[in-house]
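Everything on this sheet refers to the single structure shown next.
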Amino acid sequence: MGKKYSKSWMVMCAIFCMITMFGCSNQIKKHENSNNYLETKSDGFWINQYIPIDKKQIYTIENTENGLYRFCYYEDMQPVREKITEDTYEGIYYDIGRKVLYSYNREKKQLEVLNLKFEIIDVLVPNLQLFEIKNMIGIGTDIYALIVPENPFESEIIGSSTGEGGYLDFGEQLYVINSESGEMRRIEIDNPICITQDEEGLLIYCYQQGDYKLIRYIIKNGEIEVLQTMKNMGYLFAMVYKEHCLYYTGSLYSGLWKYDLLMKENVCLNEKAIILKDADFHVLNEKIYMLDHLGGKIYQY
């Protein structure tokens, strides 16, 4: 793949390599139409994280094998503007109202606000010590961030054995950050794994009481409801929601899959894709965007 990942995603990638050979074998296949939306390998840079703005515009964080990072802006699949960074960045979110970007500066340990020329205009959350951001989702003036606070390999959060169904505890925590004040508070949900957004709130895939569950966090009142117990899904690396369907990848289902929550139908859309984390998925204008790390390409579905 030619990229440098953090250790946790390298572990996941190794799992993928072991299971990809089976692909969607012995499963129902249904390949939906997709478009190769964006690909870049210029100057040795690979897309690491991204955020689509509309069907023609996209912002990316890219890196090289030797650890060089840059922000890049594309229009009509062509690079328009870039900035080589002195520090490394984790996570990217676009605020459509304020027309700014948010990203975590690893070296300075702060969540920064950047203009569309990638210049720092504010620090939203200073003194923020964390290992990884798995995903950031904006709802109103709030940013919901699924983070890994500590390096799970150094702090021994990851044990020598996994839980039932192959559960791996990376110590994930869910926080909500006000994009105006920078106020940050933890949402007390045990063992969150993936997050996405539906029509009524935040969907969270988690591991509780020995089961994988899909729960909804209702934004307006903070209540939690269990939507389904996902006994056959296993550990998921990433998911996104659109029109009562989950698009996902996991340890039991390599590649890109689509699960209909109403009909309980599970189909494979791309048997070879390697998707590593929640931030590899986005929904925009009724389209699913997926970053395939196998070839460094972004696809539309």
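Just so it is clear, none of the values below were taken in a lab; they were calculated from the coordinates. Quick caveat: nothing in here was measured; it's all calculated off a predicted structure. Using ideal geometry, Cβ is built from the backbone for each residue, glycine included, and neighbour counts are taken over all protein chains shown.
Quick notes
- Rg/Rh for region 219-283 stands at 0.99; both radii use Cα atoms, and Rh follows the Kirkwood definition.
- Each of residue 244 and residue 119 was given a label point 7 Å from its Cα along the Cα-to-Cβ line. The distance between the two points is 5.0 nm.
- FRET efficiency estimate (nearest 0.05) - Cβ-Cβ, residue 224 to residue 96, R0 41 angstrom: 0.90
- Spatial separation of Cα centroids for region 54-125 and region 198-276, in angstrom: 28 Å
- Length available on full extension from residue 107 to residue 232: 0.36 nm per residue minus the Cα-Cα distance, which gives 41.0 nm.
- FRET efficiency, residue 185 to residue 153 (Cβ-Cβ, R0 22 Å, nearest 0.05): 0.20
- For region 54-119, the gyration tensor built on C-alpha atoms gives an oblate shape. Its axis ratio a/c (a ≥ b ≥ c) is at least 1.5, and a/b is not larger than b/c.
- Of 264/297; 277/297; 109/134; 109/220, those spanning more than 20 Å from alpha-carbon to alpha-carbon: 264/297; 109/220
- Residue separation of residue 141 and residue 56 scaled by 0.36 nm, minus their Cα-Cα distance, works out to 28.1 nm of gained length.
- Label-point separation in nm, residue 83 to residue 65, each point 7 Å along Cα→Cβ: 2.9 nm
- Among the listed pairs 117/258; 242/272; 213/272, a Cα-Cα separation exceeding 29 Å is found for 117/258.
- Three-way shape label, region 188-245, alpha-carbon gyration tensor, a/c 1.5: oblate
- Among 52, 69, 92 the positive-end extreme of the charge dipole of region 49-97 (Cβ point charges): 52
- Cα gyration tensor, region 85-209 - rounded (a/c under 1.5), prolate or oblate: oblate
- In this structure the amide hydrogen of residue 189, modeled in the peptide plane, comes within under 5 Å of the amide hydrogens of 174, none closer than 5 places in sequence on its chain.
- At an R0 of 41 angstrom, the distance between the Cβ atoms of residue 211 and residue 178 translates into a FRET efficiency of 0.80.
- Across region 192-301, Cα-Cα pairs more than 22 Å apart make up 27 percent of the total.
- Selection from 248, 266, 173, by position along the positive dipole direction of region 136-266 (Cβ): 266
- Residue 169 versus residue 198: modelled label distance in nm, points set 7 Å from Cα along the beta carbon direction: 2.7 nm
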